[in-house]
Amino acid sequence: MSEMITTLIKERRSVRKYDPNFKIKEEEILEMLKEATLAPSTSNLQPWEFIVFLNPEERKDLRAIAYNQEQIETASAVIAVLGDKEFYKNIDSVYDSMSEAGYIDASSKEILVGNAKRTYPYAPEEVRKNLATFDAGLAAMQLMLIAKDRGYATGPMGGFDKAKFSERFNVPDRYFPIVLITLGKENAPAYQTTRLAIEDKVKFI
């Protein structure tokens, strides 16, 4: 592992105190999300969606839904990461794009599309939600490391009312909220944390 990656992983912290006057441009947030979604996903079907909260009025409502946590309003942005439980609807567009880019030939595309269409539309919703949650989590973690590399702080937040979130922000039934990620400039150091001994968490067989 390169020294840079090691440093990013070791120095990333979940930040709760942000400079409320610091702004990040929409274009840069899009760049970070574009990089984050290079993360792997189930059959490359990319079962994620994002809502980026910048508007102060919207964030007041979001703060109430997130149990009044102040970083919702003081961070430069809050990124809601959603899962796509109907990600099988991406099959044609994903594999058409890969084919057009020259990454797969016609016969490979036919096999991949056929396998995906025989599998994912018929999988139980719980299975599809689990896959989407895992994949969206990979993109979320990648986003936080990308932000750290650019000098920004982040904080993942699972503590919010997901039903109220979907209702207030008109989330289509296809999608479901997973985590909120605050993004901005750190205003106070995050506290240090420890980890349980890895030897107690790993079994070699």
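The values are calculated or read from the model by the stated rules, or taken from the named source; none is laboratory data. Note that this is a predicted model, so its numbers are computed, not measured. We place every Cβ from the backbone using ideal geometry, glycine too, and count neighbours over all the protein chains shown. Note: accessible area is taken over every heavy atom of the protein model, side chains too, but ligands, DNA and RNA are not part of it. Shrake-Rupley method; radii C 1.70, N 1.55, O 1.52, S 1.80 Å.
Quick look at the numbers
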item: In region 78-91, residue farthest from V15 (Cα to Cα) [restricted to those that are touching a helix residue (DSSP H, G or I) at 6+ places or on another chain (Cβ under 7 Å) and of a type in the set (D, E, K, R)]; result: K85
item: Test: residue in region 113-123 that is under 17 Å from S43 (Cα atoms), open to solvent by 20 Å² or more (accessible area, probe 1.4 Å), at pLDDT 95 or above and of a type in the set (D, E, K, R); result: yes
item: Residue identified as of a type outside the set (V, I, T), open to solvent by less than 50 Å² (accessible area, probe 1.4 Å), closer than 18 Å to S41 by Cα and within 19 Å of the chain's Cα centre (by Cα) among M144, M157; result: M144
item: When residues of region 60-112 are limited to those that are open to solvent by less than 60 Å² (accessible area, probe 1.4 Å) and among the basic types (K, R), the one nearest to the chain's Cα centre (by Cα); result: K85
